[in-house]
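Note sheet for the following structure.
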Amino acid sequence: MIKINVIVKDKIWLKFIKNPESYLKRKIKEIQNDKFFNKNKYSFSLQLSGSKEIKYLNKKFRKKNKTTDILSFPNQTKKKFQLLKKLNKEIYLGDIIINYKKMNKVSKNLFKKHFNILWVHGLVHLFGYDHKKNISYKRMNAIESKFLKKLM
């Protein structure tokens with residue numbers, strides 16, 4: 001089971017997704033039975049933001065003074081995550097922040113598709129995957145593709 005807490009920091013999001021929390025809960029139901037999740041209980045937060053806030057967070061935590069489309073902040077190391085999974089505890093995965101201004105560059109009819117791509121990408125990061133090396137990129141991309149097929 002996966003629980004999500006959605007925080008709408010920029011009301012412009014509501015123009016494209018009327019009720020982001022119920023939209024995301026429906027989407028999560030479509031993927032949560034995948035064996036990837038091992039029947040564990042997970043939760044995470046997703047903040048729907050704008051450029052100013054994401055630029056601030058990017059500078060503060062990644063030392064990059066520029067805006068970006070998405071940031072992911074895992075709540076624990078890979079080692080601690082693996083331990084919690086074995087203990088069958090509920091795991092708070094971390095936080096994802098998505099920037100509307102970057103999303104706005106996509107046409108209106110592709111908005112939700114691009115949004116799904118971004119939040120799934122962020123979620124996979126929260127599980128400890130990255131794309132720094134070619135092998136990690138392939139692994140992460142395979143997981144994302146599997147989930148996106150179920151969502152589209």
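Under 7 Å between Cβ atoms, which residue pairs at least 6 apart in sequence (or on different chains) link something in the range 123-142 that is more than 20 Å from I98 (Cβ to Cβ) with a partner that is not β-branched (V, I, T)? So the pair list comes out as S136/Y129; S136/D130; Y137/H131; R139/Y129. Within the range 1-58, the set of residues being of a type in the set (D, E, K, R), in contact with a strand residue (DSSP E or B) (Cβ under 8 Å, 6 or more places away or on another chain) and closer than 14 Å to W119 by Cβ comprises E21, K25.
Of all residues in the range 6-15, those that are open to solvent by less than 40 Å² (accessible area, probe 1.4 Å) and either within 27 Å of N88 (Cα to Cα) or of a type in the set (D, E) (or both) total 1.
Across the range 69-105, the number of residues qualifying as closer than 15 Å to W13 by Cβ and modelled with pLDDT under 75 comes to 3. Kindly indicate whether N134 is on the phi > 0 side of the Ramachandran plot and at pLDDT below 85. No; evaluated as a whole, the condition is false for this residue.
For the range 63-87, the tally of residues that are open to solvent by less than 80 Å² (accessible area, probe 1.4 Å) and over 20 Å from H121 (Cβ atoms) stands at 2.
With K3, K18, K29 as the choices, which residue is open to solvent by 80 Å² or more (accessible area, probe 1.4 Å), in a strand (DSSP E or B), of a type in the set (K, R) and out of contact with any Gly (no Cβ under 8 Å at 6 or more places or on another chain)? Unique residue meeting the criteria: K3. Among the residues of the range 32-59, those that are surrounded by fewer than 16 Cβ atoms within 10 Å (Cβ to Cβ), without any contact (Cβ under 8 Å) to a residue 60 or more places away in the chain and in contact with a helix residue (DSSP H, G or I) (Cβ under 7 Å, 6 or more places away or on another chain) comprise N38, N40.
The values are calculated or read from the model by the stated rules, or taken from the named source; none is laboratory data. Only a predicted model underlies this, so the values are computations on that prediction, with no experimental measurement involved. Virtual Cβ from ideal backbone geometry, glycine too; neighbours counted across all protein chains shown. SASA here: full protein model, heavy atoms, side chains in, ligands and nucleic acids out. Shrake-Rupley method; radii C 1.70, N 1.55, O 1.52, S 1.80 Å.
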